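Asks: Have a look at the structure that comes next, please.
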Amino acid sequence: MNWSTVSRNVGYALLVDALFMFLSCIIALLDPLDTSFGPLSISFLLTFIVGVFPFIFVNKTSGITLKEGYIIIFLSWLLSFVFGMLPYALWGGPFTVTNAWFESVSGFTTTGATILADVESLPKALLFWRSSTHFIGGLGVVVFLLLIIPNTSQMRLRLTNMELSSLSRGAYRMRSNQTVYVFTIVYLAMNVCAIVLYTIAGMDLFDAVNHAFSVCATGGFSTKNFSIGSFNSVPITVITMVFMLLSSIHFGLIWLSIVNRSLKPFKNEVFAFYITYLVLFSVIGGFIIKFQGLEATWGRSFLVSSFDMLSYSSTTGLAIADNAPFPFYLSMLMMAGGTICGMAGSTTGGIKSDRMLLLFKTLRAHMRRTLYPNSVTELKFHGKNMTMEGIFPHIHYIVIYGLILLLSMGLTLSAGLDTRTAFTATMSSISNVGPAVGDLGMFGNFGLLPNFAKIVYTLDMFMGRVEIYPVLAVLYLVFDRERKL
């Protein structure tokens, strides 16, 4: 294990974090009443010193092994969580060490769950840092690292292949190096467009920037206690829905449609599957909300249902209405959307529509082989014939996802949570949705949960964000007796 290579690359990730801490310090300086300047300044200095240390005292090396790549990914995220919690912990208030850790992990993983009962009590600079963790995590701390490493470096190619899901890399015939730039350009462009449109719709610039960071990262942190509902604006609601949808679509698909000036790229089976279940769930939810008397008019019922279903399915978690009064079966429908979620190659969490569609196709193919054993049954996905070797990793992912869900639920039940809370909060955390149901719904918070449950949920968020395998790979390396790190 070449720790020089590891430390220098992890240093890049920490310097990105330090940059946004520095920007937060500037915002604190512009407001003489902002109490977060001290905590943010100390956090910036510590993060910058640790990040720049390897570039001064560690010799530059070339090349990277597979093991080193996984360690870089793991440590880049983990140390971002650790240094990202410093501004919260040093500021104090509701931020105990556990709460600061929870808020940091939730931010970087773009989960959007919070321990705060009163978001508006935070100073502006701390709110900006909170939203910045979404912006960094939406693109991925490792992707920022990849943008710095030269194109010709084997290290860059290897890290790209490990950080980006095979579904997001292979579906639209892009080279690995090209994929990183495409994702970055689309992501930054959407953030700029969201800021402009939010400002035109009536948000002040500070709120527009923070909510753009949140919606484009499909995160969910807001500067307001009642999220998007605080603005009571139809244009702002519609803009939020548009960007939640765009951010949950494969960025390569958006790129190709713009470059080719054609909607033809949208004519693919995964997008059709995602939109179909999204519309179906929204219509069912609208009828339930109206018949239950939760909203006065049909228009408002379908607006709330569509917004909530899109918010859960895109794993964003922003809200225009409280979902705590919703009947449990409607809440579970929303949670199901958050588990299936958007497309690979987007900023969403969850299992991904790609894997779910592949699972359904595999089951259909298996049934055909069972009923017609002499027939030739081909399984096509993205227009290509799929072999079992290509299918198994994605089916295994769904199985491991379910096992982690059951394990985490068992652990949080042992901490004293009721079954409903343990199940839905675990689903929300591992899918990076943010809100769950009931008291942990869109206008609720995780602040009153036991510390042990919060720690379990942060582990779920981490595994959900990096799609499980990198964490399992590092754990295997740590406990592999034959090949020590």
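The values are calculated or read from the model by the stated rules, or taken from the named source; none is laboratory data. Remember, it's a predicted structure, so these values are computed and weren't measured experimentally. Heads up, the Cβs are rebuilt from the backbone with ideal geometry, glycines too, and the neighbour counts pull from every protein chain shown. These accessible areas exclude ligands, DNA and RNA; they are computed on the full protein's heavy atoms, side chains included. Shrake-Rupley method; radii C 1.70, N 1.55, O 1.52, S 1.80 Å.
Asks: Give the accessible area for Lys224 in Å² (nearest 10); use a 1.4 Å probe, count only protein heavy atoms, and leave out ligands, DNA and RNA.
Replies: My reading of the accessible area for Lys224 is about 60 Å².
Asks: Under 29 Å from the Cα of Lys384, which lysines turn up, not counting those fewer than eight places away in the same chain?
Replies: Answer for Lys384, where 29 Å is the Cα cut-off: Lys264, Lys267, Lys352, Lys361, listed by chain and number.
Asks: Once the other residues with Cβ under 15 Å from the Cβ of Phe273 are scored (Lys, Arg +1; Asp, Glu -1), what is the net sum?
Replies: Summing Lys and Arg as +1 and Asp and Glu as -1 gives +4.
Asks: Keeping every protein chain in place, order Glu68, Glu295 by accessible area at 1.4 Å, biggest value first, i.e. largest first. Could you put the intermediate results ahead of the total?
Replies: Working: Glu68 10, Glu295 45 Å².
Accessible-area ranking of Glu68, Glu295, largest first: Glu295, Glu68.
Asks: On a straight-distance basis, which aspartates and glutamates could pair with Lys380 in a cross-link, Cα separation under 13 angstrom, same-chain partners fewer than 8 positions away excluded?
Replies: Result set, ordered by chain and number: Glu269, Asp354.
Asks: Another question, if that's okay. Once you have the Cα-Cα distance between Glu120 and Ala336, take 0.36 nm times their residue separation minus that, and quote the gain in nm to one decimal.
Replies: Taking Glu120 through Ala336 to full extension adds about 74.7 nm, to one decimal.
Asks: Sticking with this one: Can you tell me, using C-alpha contacts under 8 Å and at least 6 residues apart, the relative contact order of the chain as a whole percent?
Replies: Once divided by the residue count of the chain, the mean separation gives 16 percent.
Asks: May I pose another question? Estimate the FRET efficiency between Arg420 and Ile42 by the formula 1/(1 + (r/R0)^6), using the beta-carbon distance for r and 51 Å for R0, to the nearest 0.05.
Replies: Working from the Cβ atoms, E equals 0.80.
Asks: Would you mind getting the accessible area per residue of region 1-116, heavy atoms of the protein chains only, 1.4 Å probe, in Å²?
Replies: That works out to 40 Å² per residue.
Asks: How much of the accessible area of region 356-400, in percent, comes from carbon and sulfur atoms when a 1.4 Å probe is used? Provide the component values of the computation, followed by the final result.
Replies: Details: 1990 of 3100 Å².
Carbon-and-sulfur percentage of accessible area, whole number: 64.
Asks: Heavy atoms only, probe 1.4 angstrom, no DNA, RNA or ligands counted: give me Asp34, Asp418 ranked by accessible area, highest first.
Replies: Greatest to least solvent exposure: Asp418, Asp34.
Asks: How large is the accessible surface of Phe271 in square angstrom, using a 1.4 angstrom probe and rounding to the nearest 10?
Replies: 40
Asks: Then there's this: With runs of 4+ DSSP H residues as the only contributors, calculate the mean residue ellipticity of the chain at 222 nm using -39,500 (n - 2.57) per run, divided by the residue total and rounded to the nearest 500.
Replies: Working: 21 runs with 322 residues, N = 485.
When only DSSP H runs of four or more count, the value is -22000 deg cm²/dmol.
Asks: So, one more: For semi-axes √(5λ) of the Cα gyration tensor in Å, the listed values are (i) 39, 24, 20; (ii) 32, 30, 22; (iii) 57, 26, 22; which was obtained by calculation from the structure presented?
Replies: (ii)
Asks: When all protein chains stay in place, what accessible area (Å², nearest 10, 1.4 Å probe) is found for Thr223?
Replies: Ignoring ligands and nucleic acids, Thr223 comes out at about 10 Å².
Asks: Let me ask something else about it. Which sequence of Trp101, Trp298 reflects their accessible areas, 1.4 Å probe, from the largest down?
Replies: If we order Trp101, Trp298 from most to least accessible, we get Trp298, Trp101.
Asks: At a Cα cut-off below 19 Å, give the lysines reachable from Lys224, other chains included and same-chain residues fewer than 8 away excluded.
Replies: Filter leaves Lys124.
Asks: Run the dipole for the chain about the Cα centre, Lys and Arg Cβ at +1, Asp and Glu Cβ at -1, nothing else charged, and hand back the magnitude in debye, nearest 20. Before the final figure, lay out each step's value.
Replies: On the way: 30 positive and 23 negative charges, 364 e Å.
Using Cβ point charges on Lys, Arg, Asp and Glu, the chain gives about 1740 debye.
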